[in-house]
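Colleague: So that we are looking at the same thing, I have put the structure below in structure tokens.
The values are calculated or read from the model by the stated rules, or taken from the named source; none is laboratory data. This one's a predicted model, so the numbers in the text were calculated from it and none came from an experiment. In this analysis, Cβ positions are derived from the backbone assuming ideal geometry, glycine residues included, and neighbour counts consider all displayed protein chains. With ligands, DNA and RNA removed, areas are computed over all heavy atoms of the protein, side chains included. Shrake-Rupley method; radii C 1.70, N 1.55, O 1.52, S 1.80 Å.
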Amino acid sequence: MVVAVADGSELNALMAEAYAELRRLASFHLRSERRAHTLRPTELVHETYLRLLKQHSIDAECRVHFLSLASTIMRRVLVDHARRKKRAKRGSGVQPVTLDRILTETRFGSEPEIVDILALEEALNALSLNDPDQARIVEMHFFGGLTFEEVAQVQAVSLRTVMREWKFARTWLYQHMKEGNHENR
Amino acid sequence: MKIDERWQRLKEIFNELSDASPDARDSIIARISDEEGTIAREAKAMLDVEQEAGSFLELDAAAFTRSMDGAKLGNFCVTREIGSGGMGSVFEAVRDDGEFDQRVAIKVSNRGLFSTDMVRRLLIERQILARLEHPNIVRLLDGGITNERLPFFVMELVDGVPITDYAARHLLTVRERLELFLQMANAVSYAHRQLVVHRDLKPNNVLVTPDGLVKLLDFGIAKVLDVESNPQTVGTPMTPEYASPEQIRGDTITTASDIYSLGMVLYELLTGQTPCRLYGVDSLELSRAICSVELPRPSYAISDPMGRGRLRTANMAMNDTVPSVDARHLRGDLDNIILMAIRKDPIRRYGSVEQFADDIRAYLDGRTVTAHPQSYRYRTAKFVRRNRVAVSIALASIVLVMSATCIAVYQAVRADRERQIAEINFQQVRKLANIVINDYHDEIAKFDGSTELRAKLVIDGLGYLNSISTDDSDDAQLLKEMAIAYRKIGTVLGMPYMANLGRTEEGIANQEKSVELLERAFKLAPNDLGVRDELVRSYANLAEILGRRNENRPELYEKAVAINEVTIALDPGDIGRRAYGLRLRVLMTDLSTLDDIARSQNYRQIIADGEKLVPLAPRDVTVLGVLAVCNERIANSMRWNGLRHRNENREADAVAAWETSEEFGRRSLEHRLKQIVIEPGLPMHRRNLFVAELNLACVLTFLKRLEEAKSHHQAAKRILDQIKQADPANSESTLDEMALLKNSFEMAIEAGLKDKAFSIASSSAKIAERYFRGHSDNNEALLWTGYFHERLFELHQQANRPREAERLRQMLDALHMESLHRFGKDTPFSGLALG
């Protein structure tokens, strides 16, 4: 599989811009409490991509690479935000809106699910100690909204492999986070 | 066992268990050796949790696509996804009722309809839309609501690309692009007659099939989905790029909104510039820009001669050049047509798409278009623009015809015979002369390199007026017309800071003559607004040109301001006159004997008054000019203050002054850029932009921010090169060159490059001296000559070259004598008066 990633410096410049754009979009969404319950990180990533696409000539094949990089940024943006929120919570003593929990609609039309971003971050870090590739797959799908086909393209492996790794990774994370919760209580 | 290996085993066992049926799992675990027992139990525990995890971390995007594949919508079965965007997804589908094999496109919105009211409205709209039958409109075949309460629309499947891509890919000519656009306009016009407004026209909704047929998508769907209701919301996937100001403000949407969007699509089709790029903002700021910022003429946007690209370097990588369209094709009619379609005020746009399309057809047929408000001047402009060489030949023939007529008229008047015929001829000559003096001259003045032709035009024109009149006429209007001619001659001969022939003395004589005639006209018709305005202008021009001879006559401006204030009171609605009044106040302040602080106070007051006029006339170049000038004056004054502080070793005060200067200088530059965007062709704006860039370069040099200084210096240099290249006969540019060289010199000094500084000073001194010899009455030339020789003298002294220094001292002494003679006092050449 050949993926033409333009010249490296160009992509870097693009990512710098993407980072600024993502931060701006995310902070807007996260600041507005009314909107907090509809925040979908992957939408932000795709929107950022579309915005940049209008301003630059991004090779169509670069798209998945862009999205995979953007997913890392998105993760960082959300985690930073959750941390700040947590510090503020400690300081003020006021019961805050649960902005550190990102709500994702996991299936079309079904009940949305709340994911605790900081817990996920901790679990993901633990997972990547064992298996960085699996952590990447989760990151790309969950934070970047890449389909598994796209993840397979980025990782240069078969779709079957991605699906296997994904199943394992997400189960492991779920278990890890569940146990983490018990420990906290 | 190492951690890596253990993890690997865990994954293997997990996968194996996961693949196996639940019954088989126990036997698999039993087979695993004791050594790996804990790993196996761990894998089993994970597998148990797996069910519980449900759709943990799994996203809708993937789920959605899966759920649609093979799904049935109405009588259609989805076969594949064609694309998806912020609004929803588009799928290809086939009819599955066995009736016939029809492939269709189905657009599924991602915005749910959650009230029966919305559903009812959708159904009504669907019926209306289904009635639209036009070869250029994609048929709406069906529509409905999915199980997830998402509206969907079944449409004819089109194999095509967006109109802008099509034009770019096929390198279409302007004519071909316009013909495509007409297909689009026809479709919109048809829909408007059916009372359907599109509301979301954009290149992506206008597809062109491989055989060149335009197909419009999504007619009226925006209304059904109500997407235009809140385009300002950040994060709303729909960008307002092609939306009209009233759409963005949430005002009533009419056919005029579609006309606007059509105009924007045409703008992009001909220039290759997307609205975001044109406004130079990103999509978050776009809404505000659409409502408040006027776009440049398309011909300007396409040539992008300077500046705008520089302001948004991030966009430079775009591959949107339109090689087959040349700015020349757009200048004039197409500029006017597009700008008319995209006016901010819907009432001032074309009355209908049909009118818009008619103008395009007129353009294509070479007929007169309606898009120009001033049709008389416009026709003149059209004539002049067609070909400059042809124009001068044509003018020569007009001149011949006129001289013949003049002689006839003159004789007729003298003989006092056939008075009636004479009167008719008299009026004809008068009209022709005025056309030449005003319309032709003013149009030609917009061209670079036209200085000599302009001089000839007005002098000839005046000749004809003189031949049918005398200076002691008692016709106020005729006196006014002659006075205008004298004033224009005066300007073209030697008006400071405009392209001129450098003949100051003759210029002054003509300006005086103009004032004299107007004073008489003023006495004859004191309430005539036109006469009053011209008198004000002539006073101002006389004062300005006298300044070139270092003759400061503030009372001339005071007179002009006094007359103008009364005229404003007589006719307060004229914004142009009020703007001009501000300009006069600037000039009056310039010449006043006030001290620096009081003067700056005046400029600040004028800025404040000027900013009040901006909302009334956002595109008034005079107001922008006044704002630019006042900011520039304060910037200059602070820059000079800084120099004085530095000379007196108060470094901190100097830096503070320069920083203030920088702030005002940047504001001035901003206004200058706006001016040139509004009137890109005018040489004067280019010159002003040069000054603004150079001043900024200068103060940044003093602030030792050499990198920034260099970039503004280079910008200034580029502009000056353009000026010189465009109009080699204009002698003013040599003086500008001096100012540029002075800055080069200072940059070299600040950078510690002594040798470079020396070579700059030495070559500049030569250029200045040569110019001064050719224009000995020009005071600025004297100062520049003195300035560079003095710098050279200093450098020789520092380098301990007494012989060279002595030679220069003699030269400087002579120059100082000359300056003493001219200014009544010895003016230092230190650069204070220049820098």
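Colleague: What is the average number of partner chain Cβ atoms found within 10 Å of a Cβ in A:164-176? If you can, show how the numbers build up before the last one.
Modeller: On the way: counts 5, 2, 2, 7, 9, 2, 6, 13, 9, 3, 8, 8, 1.
Whole-number average of other-chain Cβ neighbours for A:164-176 is 6.
Colleague: Also: Taking the Cβ of residue B:658 as the centre, find all other residues whose Cβ is under 11 Å away and add up their charges (Lys, Arg: +1; Asp, Glu: -1). Mind showing how you got there, number by number?
Modeller: Values: positive: B:639, B:646, B:704, B:705; negative: B:651, B:653, B:659, B:662, B:663.
Taking every Cβ under 11 Å from that of residue B:658, the sum is -1.
Colleague: So what J values fall out for region B:600-617 if you push phi through Karplus, 6.51 cos²θ - 1.76 cosθ + 1.60 with θ = phi - 60°, rounded to Hz, Gly and Pro as x?
Modeller: 4, 4, 4, 4, 4, 5, 5, 4, 4, 5, x, 5, 6, 7, 4, x, 6, 9
Colleague: Using θ = phi - 60° and the Karplus relation 6.51 cos²θ - 1.76 cosθ + 1.60, list the HN-Hα couplings for region B:153-159 in order, rounded to whole Hz, with x at every Gly or Pro.
Modeller: Taking θ as phi minus 60°, the curve returns 10, 9, 10, 3, 8, 10, 9 Hz for region B:153-159.
Colleague: Please list 3J(HN,Hα) in residue order for region A:154-164, calculated via the Karplus relation 6.51 cos²θ - 1.76 cosθ + 1.60 where θ = phi - 60°; whole Hz, with x for glycine and proline.
Modeller: Values, residue by residue: 5, 7, 6, 10, 7, 4, 4, 4, 4, 5, 5 Hz.
Colleague: Per-residue Cβ counts within 10 Å, from other chains only, averaged over A:138-144: what number is that? Mind dumping the intermediate values first?
Modeller: Working: counts 1, 0, 0, 5, 4, 2, 1.
Other-chain Cβ atoms within 10 Å of each residue's Cβ, averaged: 2.
Colleague: Search the structure for amide H atoms under 5 Å from the amide H of residue B:73, placed 1.01 Å from N in the peptide plane, and list their residues when 5 or more places away or on another chain.
Modeller: Hits under the 5 Å cutoff: B:78.
Colleague: In 10 Å bins starting at 0, how do the alpha-carbon pair distances of region B:744-835 split up by percent?
Modeller: 17, 50, 29, 4
Colleague: Provide the per residue accessible area, probe 1.4 Å, for region B:3-53, rounded to a whole number of square angstrom. Let's see the in-between values first.
Modeller: Numbers: 3010 Å² over 51 residues.
Normalised by residue count, the accessible surface of region B:3-53 is 59 Å².
Colleague: Same structure again: Can you give the average number of partner chain beta-carbon atoms within 10 Å of each beta-carbon in peptide B:45-51, as a whole number? Display every interim value, and only then the final one.
Modeller: Numbers: counts 2, 6, 3, 2, 7, 7, 1.
That works out to 4 on average.
Colleague: Same structure, new question: Past 26 Å, Cα to Cα, is the threshold; run B:674/B:724; B:612/B:742; B:456/B:523; B:710/B:825; B:488/B:825 against it and keep the listed order. Present the calculation step by step, with values, prior to reporting the outcome.
Modeller: Values: B:674/B:724 22 Å; B:612/B:742 37 Å; B:456/B:523 31 Å; B:710/B:825 35 Å; B:488/B:825 33 Å.
As for pairs spanning more than 26 Å Cα to Cα, those are B:612/B:742; B:456/B:523; B:710/B:825; B:488/B:825.
Colleague: Mind listing the long-range amide H neighbours of residue B:57? Cut-off is under 5 Å, sequence gap 5 or more, other chains count too, H placed in the peptide plane at 1.01 Å from N.
Modeller: Distant-sequence amide H within range of residue B:57: zero hits.
Colleague: In what sequence, highest mean first, do B:676-683, B:591-598 appear when ranked by Cβ atoms within 10 angstrom? If you can, show how the numbers build up before the last one.
Modeller: Details: B:676-683: 19.5, B:591-598: 11.8.
Top of the packing list down: B:676-683, B:591-598.
Colleague: Right, something else. Using modelled amide H (1.01 Å from N, peptide plane; none on Pro or chain starts), what sits under 5 Å from the amide H of residue B:142, excluding residues fewer than 5 places away?
Modeller: B:154
Colleague: Using a probe radius of 1.4 Å on protein heavy atoms only, what is the accessible area buried between chains A and B, both sides summed, to the nearest 100 Å²? Let's see the in-between values first.
Modeller: Numbers: alone 11220 and 40040 Å², together 46950 Å².
So the buried area, both faces added, is about 4300 Å².
Colleague: What FRET efficiency comes out for the pair residue B:598/residue B:364, r = Cβ-Cβ distance, R0 = 56 Å, nearest 0.05? Display every interim value, and only then the final one.
Modeller: On the way: r = 60 Å, r/R0 = 1.07.
Once the sixth-power term is evaluated, E becomes 0.40.
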